[in-house]
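The values are calculated or read from the model by the stated rules, or taken from the named source; none is laboratory data. All of these numbers come straight from a predicted model, not from anything done at the bench. Cβ: placed from backbone, ideal geometry, glycine included. Neighbour counts: every protein chain shown. The accessibility values were calculated without ligands, DNA or RNA, using every heavy atom of the protein model including side chains. Shrake-Rupley method; radii C 1.70, N 1.55, O 1.52, S 1.80 Å.
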Amino acid sequence: QVQLVESGGGLVQAGGSLRLSCAASGRTFSSYAMGWFRQAPGKEREFVGAINRRGDSTFYADSVKGRFSISRDNARNTMYLQMSRLKPEDTAVYYCAATTTYVATLPRPYDYWGQGTQVTVSS
């Protein structure tokens, strides 16, 4: 089992940047493929991006491709989401998630979730 805690959210102006972190504890972090999802009020949770166990392969939603970057540091048990050129439509609660299966773009394969961190982008 693994516990996940997100941090780094906040209020930023459009065009700005933020870096989210997802700290893991418990079972070996490198055993998990990891993902980022977000959920805006009144909307379903949507895939943002994901990274494989070794950290050498990443995947992104089209809406964030070229603006967001995912990385992980297995020695520090932490995953990151670097967000740049933020837009008001990026406003949401951002969640990190872990899966023992392969990288997935849907929420269902992910077994463990953090509590989320709010990102608000003002226009």
Report yes if some residue within the stretch 87-94 is hydrophobic (A, V, I, L, M, F, W, C) and either under 23 Å from Gln1 (Cβ atoms) or part of a strand (DSSP E or B) (or both); otherwise report no. yes
The condition from (1) assigned to a loop (DSSP other than H, G, I, E, B); (2) in contact (Cβ under 8 Å) with a residue 60 or more places away in the chain that Gln82 misses is numbered (1)
Can you pull out the residues in the stretch 5-57 that are farther than 13 Å from Leu81 by Cβ and either touching a Cys at 6+ places or on another chain (Cβ under 8 Å) or of a type in the set (Val, Ile, Thr) (or both)? Val5, Val12, Thr28
Under 6 Å between Cβ atoms, at least 6 apart or on separate chains: pull out the pairs that start in the stretch 27-51 with a residue that is surrounded by 14 or more Cβ atoms within 10 Å (Cβ to Cβ) and end on any residue that is of a type in the set (A, V, I, L, M, F, W, C) and not in a strand (DSSP E or B). Ala33/Val103; Phe47/Ala61; Val48/Ala61; Val48/Val64; Ala50/Val103
Near pairs, Cβ below 9 angstrom, 6+ apart or cross-chain, from the stretch 3-20 (closer than 18 Å to Met79 by Cβ and open to solvent by 60 Å² or more (accessible area, probe 1.4 Å)) to any residue that is assigned to a loop (DSSP other than H, G, I, E, B) and of a type in the set (D, E, K, R): Ser17/Arg85
